[in-house]
Amino acid sequence: MSAAAALPSTFWGWVLYLARTNWSMFLSGAGVTVVLAVLGTLAGCVIGFLVGMVQGIPYPAMTRSVGGIALRAVKAVLAAYVEVFRGTPMIVQATVIYYGSKQMFGVDMSAFVAGFVVVSINTGAYMAESVRGGIDSVDRGQTEAAKAIGMTHFQTMVSIVLPQAFRNIMPQVGNNLIINIKDTSVLNVISVSELFFTSKSLAGTYYQYFPTYLITCVIYFVMTFACSRLLRWYERKLDGPTSFELADGAADGEKARVKVPGRTSRALELLNGKDNSKRRAMR
Amino acid sequence: MNTVMNTPVVEVDKLRKSFGKVEVLSGIDFSVERGEVVCVIGSSGSGKSTLLRCINMLETPSSGEIRFDGSRVDSGRCRASDYRAKVGMVFQQFNLFNNLSVLDNCVIGPMKVHGRKRPEAEEAARALLAKVGMDRYVNAKPHQISGGQKQRVAIARALAMEPEVLLFDEPTSALDPEMVGEVLAVMRDLAGEGLTMIVVTHEMAFARDVSTRVVFMDKGVIAEEGAPEDIFDHPSNERTCEFLARFLEDELPAEEPRDKAMGARP
Ligand SMILES: Nc1ncnc2c1ncn2[C@@H]1O[C@H](COP(=O)(O)OP(=O)(O)OP(=O)(O)O)[C@@H](O)[C@H]1O
Ligand SMILES: [Mg+2]
């Protein structure tokens, strides 16, 4: 029982002790969580884009043709998918898919793979709606202009509409990533060794629930906060520079940097305007 | 070129178009020969845009025929995208691709539709942008340039496809008055080079000076067409007279400085 004597007696002592002795467990749990959340979000985006694009195909032109009927059927199936996966809890989906695939189809997925599948199709269901909105938000004029220069529907989608739709729904992608980092914790129900599952077994080992989960809490927050910062940075990168380089003209070879009045400078102008009016009023 | 000079490049035959129960075009017959600059005028809602959109197959006619170089464009034989590449369109709202730079706006069509290589497409695009005075802005994004500049880029984008006919739908109507001149000047140059153009416009001075023929549309039909001098100086149709009278009242005072602005461009 000499080990017991070395165990801490205070709350903060336990926190430090657990962090020091079990950091590799926490880290591997956090690793699994991040990998599942990131891969699941990416796959979910792909699914969401595919579903959203199909849902966005207009069909008035081909209602009675074979293609029209097939499209209608595919759309109905996809709509059902979206409703079902948005309408049931992910924890239940996880058990149904994990045990169901074993029992019904004899597919022996590892818990990790099952977890990945669940997160992906769950995210896909949410993203499908966002993607549809993102595509709608690109004004029809650009689609018409692309048509008018002879681009096909597919070319227009890939080169013009989807890049803009993607930019427009970046905030939702970020939201889904953050939600997934937190919600992969429900996968402990099928024993995926993500952060919450690891924490639970650690807490059980020492009978120290509060200190363990406090550490878990901090790790989750650090992960979501870092992700939201990274995504913010990526959005800015997608937007490109706020100014552009004037190319060499035929007449004058001078290069100049053109500053475009962005949000900030307009705000400054407003501020300045206010200042002036105040000063004038004071006189 | 001279041998084909007198064959119509675009022919519109008994064209009708309805949206639901509303008939917007009620039997349009007209044709455009190579090198012509046809201005289409008429009051709002008379179907001018719809006519252009039918010609470019952005709308499907309810009945009637449209022929390009003598062959029907709405028969299944002719691929819509091949046809559209030959008939360019410049829109009132510019409709530049917002995710692409000025240069990329002008190279995407030639690359995707004509299968050009990037260096070749870029060279052509730069030359066209120089022609519309926008060569220094190749790196800018559409939201970083003014309306007049956007429309000049849109014209360069349409020209990059080497169209045989260029359609303009009120290209200056969304512009601030001081930018109208720069766009009209580009269009004058193009007309001078012999490009076939169909221009829906409310710029009467432009219609009068530049066009080879003016078409007046009223309530879905062509009420009158003819040489600009005839339409503007001796209109025979009562509706044309009313329309022009209304326009001369509102527009003439503003016309003078605009003309000067056009002349001032190098
Ligand atoms: N997609 C559509 N669906 C229903 N009605 C339409 C559609 N497009 C146009 N219309 C109707 O057709 C009529 C003619 O429209 P069009 O845009 O061709 O007129 P216009 O001569 O170009 O007018 P303007 O000078 O205002 O541009 C209008 O009454 C309009 O409401
Ligand atoms: Mg119109």
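A few points about this structure:
- Candidates B:I231, B:I222: the one that is more than 27 Å from B:L103 (Cβ to Cβ), within 16 Å of ligand 2 (Cβ to nearest atom) and not in a loop (DSSP other than H, G, I, E, B) is B:I222.
- Residue match in region B:130-139 (condition: within 20 Å of B:H202 (Cβ to Cβ), more than 9 Å from chain A (Cβ to nearest Cβ) and away from ligand 1 (no atom under 16 Å from the Cβ)): no
- Residues satisfying the stated conditions in region A:162-182, i.e. crowded, with 23+ Cβ neighbours inside 10 Å and either within 13 Å of chain B (Cβ to nearest Cβ) or assigned to a loop (DSSP other than H, G, I, E, B) (or both): A:A165
- Selection status of A:R72, under 19 Å from A:S130 (Cα atoms), of a type in the set (D, E, K, R) and either surrounded by 12 or more Cβ atoms within 10 Å (Cβ to Cβ) or without any contact (Cβ under 8 Å) to a residue 60 or more places away in the chain (or both): no
- Checked against (1) more than 16 Å from ligand 1 (Cβ to nearest atom); (2) within 13 Å of chain A (Cβ to nearest Cβ); (3) open to solvent by 40 Å² or more (accessible area, probe 1.4 Å), B:Q93 meets all criteria but (1).
- Of the residues making up region B:159-170, one or more are away from ligand 1 (no atom under 16 Å from the Cβ), in a helix (DSSP H, G or I) and either touching a helix residue (DSSP H, G or I) at 6+ places or on another chain (Cβ under 8 Å) or away from chain A (no Cβ under 11 Å) (or both).
- Region A:185-201 residues that are closer than 15 Å to A:T95 by Cβ, paired with ones that are acidic (D, E) and at pLDDT below 90 (beta carbon under 7 Å, 6 or more apart): A:S185/A:E194; A:L187/A:E194; A:N188/A:E194
- The listed residue being of a type in the set (G, A, S), surrounded by 15 or more Cβ atoms within 10 Å (Cβ to Cβ) and away from ligand 1 (no atom under 12 Å from the Cβ), out of B:G64, B:G47: B:G64
- B:I155 being of a type in the set (V, I, T), in a helix (DSSP H, G or I) and touching a helix residue (DSSP H, G or I) at 6+ places or on another chain (Cβ under 9 Å): yes
- Pick from region B:191-244, criterion of a type in the set (S, T, Y) and more than 18 Å from B:R53 (Cα to Cα), ranking: nearest to ligand 1 (Cβ to nearest atom): B:T240
- Each residue in region B:31-56 was checked for being in contact with an Asp or Glu (Cβ under 7 Å, 6 or more places away or on another chain) and more than 13 Å from ligand 2 (Cβ to nearest atom), and 1 pass.
- Verdict on B:E162 being open to solvent by 10 Å² or more (accessible area, probe 1.4 Å), within 24 Å of B:G35 (Cβ to Cβ) and within 16 Å of ligand 2 (Cβ to nearest atom): no
- Scanning region B:57-98 for residues that are hydrophobic (A, V, I, L, M, F, W, C), out of contact with any Phe, Trp or Tyr (no Cβ under 6 Å at 6 or more places or on another chain), more than 13 Å from ligand 2 (Cβ to nearest atom) and assigned to a loop (DSSP other than H, G, I, E, B) yields a count of 5.
- Candidates A:G134, A:G106, A:G115, A:G150 - the one that is on the phi > 0 side of the Ramachandran plot and buried (at least 23 other Cβ atoms within 10 Å of the Cβ): A:G150
- Residues within region B:140-158 that are at the interface with chain A (Cβ under 9 Å from one of its Cβ atoms) and either at positive phi or of a type in the set (G, A, S) (or both), tallied: 3
- Checking each residue in region A:183-197 for being buried (at least 24 other Cβ atoms within 10 Å of the Cβ) and part of a helix (DSSP H, G or I) picks out A:T184, A:L187, A:L195.
- Yes/no for A:S191 being among the hydroxyl-bearing types (S, T, Y) and over 24 Å from A:L7 (Cβ atoms): yes
- Region B:172-203, residues that are within 16 Å of ligand 2 (Cβ to nearest atom) and modelled with pLDDT under 95: B:T172, B:S173, B:A174, B:L175, B:T201, B:H202, B:E203
- Screening B:S18, B:S31, B:S26 for residues that are without any contact (Cβ under 8 Å) to a residue 24 or more places away in the chain and part of a strand (DSSP E or B) leaves exactly one candidate, B:S31.
- A residue that is within 14 Å of another protein chain (Cβ to nearest Cβ), away from ligand 1 (no atom under 13 Å from the Cβ) and of a type in the set (D, E, K, R) cannot be found anywhere in region B:27-44.
- Of the residues B:N105, B:N99, B:N56, the single one that is facing chain A (nearest Cβ under 7 Å), closer than 24 Å to B:I145 by Cβ and surrounded by 20 or more Cβ atoms within 10 Å (Cβ to Cβ) is B:N99.
- Hits in region B:99-120 - residues which are basic (K, R) and not in a loop (DSSP other than H, G, I, E, B): B:K112, B:R118
- Scanning region B:174-185 for residues that are surrounded by fewer than 22 Cβ atoms within 10 Å (Cβ to Cβ) and closer than 30 Å to B:D82 by Cβ returns a single hit, B:A174.
The values are calculated or read from the model by the stated rules, or taken from the named source; none is laboratory data. Since the model is a prediction, treat every value here as computed from it, not as a measurement. Virtual Cβ from ideal backbone geometry, glycine too; neighbours counted across all protein chains shown. To get the accessible areas, we keep the full protein, side chains included, count just its heavy atoms, and leave off ligands, DNA and RNA. Shrake-Rupley method; radii C 1.70, N 1.55, O 1.52, S 1.80 Å.
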